[in-house]
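**Student:** Before I ask anything, let me first share the structure, which is written out below as structure tokens.
The values are calculated or read from the model by the stated rules, or taken from the named source; none is laboratory data. Here the structure is a predicted model, which means the values were calculated and not measured. When we count neighbours, we look across all protein chains shown, and the Cβ atoms used for this are built from the backbone with ideal geometry, even at glycine. Surface accessibility is based on the protein's heavy atoms, side chains included, excluding ligands, DNA and RNA. Shrake-Rupley method; radii C 1.70, N 1.55, O 1.52, S 1.80 Å.
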Amino acid sequence: MVRRDLFRNIFIVFLLAMIFVLLRLFWFTPHHVTEKDVQKGLEAVDYVLAFNQNEIPNESIVLYEVDQKEYVGRVIAQDGERAVYMDDVLYINHQVKDEPYIRSMKNTYQGKASNTGNLFTEDFTIESLTQSNQDVIGQEEFLILNDNRLNHDDSREFGLIQKEQIKGVISFRLTPLGRFGFIDVE
């Protein structure tokens with residue numbers, strides 16, 4: 001009887017471990033947020049989950065990989081859209097796009113006397129990011145920027161991000177336990 005219970009418990013633990021591994025491989029990727037990864041709604045020391053999704057909506061925060069390093073950023077625009085940043089204003093398809101998620105950081109930056117007149121986000125176009133004549137974001141490509149625009153580890157450095165580079169949409173926080181749950185990133 002004890003031997004049968006031991007085998008049953010070992011089988012249950014093995015089955016649970018296999019389920020976790022399969023979920024990890026196909027559904028989510030855990031990520032420890034560092035100081036460079038901080039976005040609105042995310043803080044350094046957060047441990048989050050990035051869920052693999054077919055549809056990646058604009059303004060979602062994603063975990064992506066470039067040269068085998070993981071980065072976190074916000075999807076600003078995607079395939080078929082035109083994006084231009086000029087004089088600290090974002091234009092998507094020739095329309096001004098409000099960015100409430102950067103408002104407080106932008107106001108703080110512009111409020112410092114030494115930054116008066118300096119742009120929080122430097123001017124760019126799709127042509128300048130891709131260094132080509134391409135003015136529309138290509139199929140399964142994404143324009144990804146950091147909320148802290150002083151951190152250039154995003155599309156301004158790497159160019160447009162391919163869909164296969166995106167590991168998932170960050171939407172759930174595991175730790176710290178006091179903030180456990182779904183993340184509000186807007």
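**Student:** Out of 58, 151, 118, any idea which swings most in a Gaussian network model of the chain, alpha carbons joined below 10 Å?
**Tutor:** Ranking 58, 151, 118 by mean-square fluctuation puts 118 first.
**Student:** Right, next: Under a point spin-label approximation (7 Å from Cα along Cα-to-Cβ), what is the residue 122-residue 175 distance to one decimal in nm?
**Tutor:** Each label point is offset 7 Å from its Cα along the Cβ direction, giving 3.7 nm.
**Student:** I want to verify a result. In a Gaussian network model of the chain, Cα cutoff 10 Å, which of these has the top mean-square fluctuation: 129, 42, 63?
**Tutor:** 129
**Student:** Using 7 Å Cα-to-Cβ label points, what is the residue 14/residue 182 separation (nm, one decimal)?
**Tutor:** If labels sit at residue 14 and residue 182, their model points lie 3.8 nm apart.
**Student:** For the pair residue 89/residue 133, report the inter-label distance in nm, with labels modelled 7 Å from Cα in the Cβ direction.
**Tutor:** It works out to 2.9 nm between the two label points.
**Student:** Roughly how many debye, to the nearest 20, is the charge dipole of the chain about its Cα centre, given +1 on each Lys and Arg Cβ, -1 on each Asp and Glu Cβ, and no other charges?
**Tutor:** Dipole size: approximately 1100 debye.
**Student:** Ordering 147, 153, 135 from largest to smallest accessible area (1.4 angstrom probe), what's the sequence?
**Tutor:** Greatest to least solvent exposure: 135, 153, 147.
**Student:** Rounded to the nearest 0.05, what FRET efficiency is calculated for residue 157 and residue 27 with R0 set to 35 Å and r the Cβ-Cβ distance?
**Tutor:** E(calc), rounded to 0.05, equals 0.75.
**Student:** Suppose we flag trypsin sites (Lys or Arg not before Pro) only when DSSP calls them loop and at most 16 other Cβ atoms lie within 10 Å. Which is the longest uninterrupted stretch of the chain?
**Tutor:** In short, 1-81.
**Student:** With the cut-off at 1.5 for a/c, could you classify the range 18-173 from its C-alpha gyration tensor as rounded, prolate or oblate?
**Tutor:** Oblate shape, in that a/c is at least 1.5 and b/c is the bigger or equal ratio.
**Student:** Can you give me the relative contact order of the chain as a percent, contacts being Cα pairs under 8 Å and 6 or more apart?
**Tutor:** This gives 27 percent for the chain.
**Student:** Could you pull out the GluC sites (Glu not before Pro) across the range 89-182 that fall in loop regions by DSSP (anything but H, G, I, E, B) with no more than 15 other Cβ atoms inside 10 Å?
**Tutor:** 122, 140
**Student:** Sticking with this structure for a sec: Set Lys and Arg Cβ to +1 and Asp and Glu Cβ to -1, take the dipole of the chain about its Cα centre, and tell me which of 20, 45, 134 lies farthest positive.
**Tutor:** Farthest towards the positive pole: 20.
**Student:** Could you tell me which of the pairs 40/106; 106/163; 40/97; 36/97 are separated by over 19 angstrom between their Cα atoms in the structure shown?
**Tutor:** On the way: 40/106 12 Å; 106/163 29 Å; 40/97 17 Å; 36/97 25 Å.
Flagged as over cut-off: 106/163; 36/97.
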